[in-house]
1. Percent relative contact order of the chain, based on C-alpha pairs within less than 8 angstrom and at least six residues apart?
2. Tally Lys and Arg at +1 and Asp and Glu at -1 over the other residues with C-beta under 14 Å from the C-beta of residue 69: what net charge comes out?
3. I'd like the projected area of the chain, averaged over all directions, using the convex hull of its alpha carbons. Report it in nm² with one decimal.
4. Is the shape of the stretch 289-354 rounded, prolate or oblate, going by the alpha carbon gyration tensor and its root eigenvalues a ≥ b ≥ c, with a/c under 1.5 for rounded and a/b larger than b/c for prolate?
5. Which residue fluctuates the most in the chain, going by a Gaussian network model with Cα springs under 10 Å, if the choices are 75, 215, 138?
6. In debye, nearest 20, what is the charge dipole magnitude of the stretch 158-276 about its Cα centre with +1 on Lys and Arg Cβ and -1 on Asp and Glu Cβ, if you could check?
7. Placing +1 on the Cβ of each Lys and Arg and -1 on the Cβ of each Asp and Glu in the chain, which of 153, 238, 327 has its Cα farthest towards the positive end of the resulting dipole?
8. What are the ³J(HN,Hα) values, in whole Hz, obtained from phi via the Karplus relation 6.51 cos²θ - 1.76 cosθ + 1.60 with θ = phi - 60°, for each residue of the stretch 351-358 in sequence order, with x given for Gly and Pro?
Amino acid sequence: MFGPVKPARANGVAMIVILGVITAFAPLSIDLYLPSLPLIEEDLSVSPGLTQLSLALFFIGLAVGQFFYGPLADRYGRRRPLLVGILLYLVATLVCTFSMNIEMLLAGRLTQGFGAAAGPVIARAVVRDLYAGRRAARVMSFVILVMTIAPLIAPVLGGWISTMLGWRAVFWALTLFALACGATLLLALPETHPVERRQSDRLGRLFMGYVPIVRDPLSLAYLGAGGMAFAALFAYVAGSPFVYTEVFGVSQANFGYFFALNVVGLLMGNLTNGQLVIRFGHRRMLTAGVLTMALGTSALVAMVASGISAQWLITPVLFVTLSTVGIIAANTVAGLLDRHPDHAGSASALFGVMQFGLGALSAALVGTIEGDPLVTMVMVMALTAALALASLSVLWHQQRRIAAVG
């Protein structure tokens, strides 16, 4: 059951597609679910804040889960921890499907996030097993490019499913996706972390692999830049259903189309990064991404401060701002894993902890601040983008310091 699969079956394009699908666990579980939030609010008779809490808890599960899956992947290989995560995700999804109250749904979403955490951690570790440096950044861009298809179609599909069949049907769709991923893992994903390269220490000592990463100022700067960029994204994810339906007047059925438009920006950003990173390197591409995000959120703040809330003006700026997230993510991961190739699983997991931990805080902040949903969303996005820019400044300072010593 856990034996090796012929590597030739997952080389090249096939490997990128498989890793993209595995990484899609998180965005699909978020974006397919987004259009159902108003229906859940009505069906379970709860406040919008509680429905948004189901997003924040999913992010927390993703963050905490990745902390554990990283060392497990370094100790037991990539395939077995991934299968455990898929099985846990499957059980939690069924709990969500049959939830009769908000408490049961929240518990299911938290556990679902913990299971889904295996996908991105192990996909990033597999990339580092096979590639290094600029090549790893390029491959990671294409993996994220494939993964981006999920949030591109998921909101539209989720809108159709929830409108026609109810919000519980969304979780049935996620159940089918988990089963398909499990089958793909067993049949087509090779083990890229052979026994001779695995950490042989006791499991408790494997968590010490985080120590050299958190003691490395350059790694912390990478984590800050990437994590805060995702916090900006998740502020948008949590706030957009209410911004589009309450501020812009978009119907629930059509929300997915507008959400998908911004995902096209993510896709274009990843495609651009994949083409340019070999030439310019991951640090310069990371810099370009963070600077563009900071400028975009500053423009949004200026617009809402001036009383501008027209959808046709706000949407293009959101498009440009969110297109940077994939660029920032791919180059953050490449830089971080390049610093710690012997602890690729732990480094990948720590990125996920920052990514989804800060995303959870950002989403919860959007859900708890009362007032105009557009103003709240924009202000949180601007704050997190500013912190990403500060982390980028630290990164370049540390890099110059290392170059001077070397």
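The values are calculated or read from the model by the stated rules, or taken from the named source; none is laboratory data. Source: prediction; values computed, not measured. FYI the Cβ positions are ideal-geometry reconstructions off the backbone, even for glycines, and counts take in every protein chain you see. Heavy atoms of the whole protein, side chains included, go into the accessibility calculation; ligands, DNA and RNA do not. Shrake-Rupley method; radii C 1.70, N 1.55, O 1.52, S 1.80 Å.
1. Details: 720 pairs, mean separation 114.2, N = 406.
Result for the chain is 28 percent.
2. Working: positive: 75, 78, 79, 80, 124; negative: 74.
Here the charged neighbours net out to +4.
3. Values: hull surface 75.0 nm².
That works out to 18.7 nm², a quarter of the Cα hull's surface.
4. prolate
5. In this elastic network of the chain, the residue with the biggest mean-square fluctuation among 75, 215, 138 is 215.
6. Details: 6 positive and 5 negative charges, 53 e Å.
Using Cβ point charges on Lys, Arg, Asp and Glu, the stretch 158-276 gives about 260 debye.
7. So the residue furthest toward the plus end is 327.
8. 4, x, 4, 5, 4, 8, x, 5
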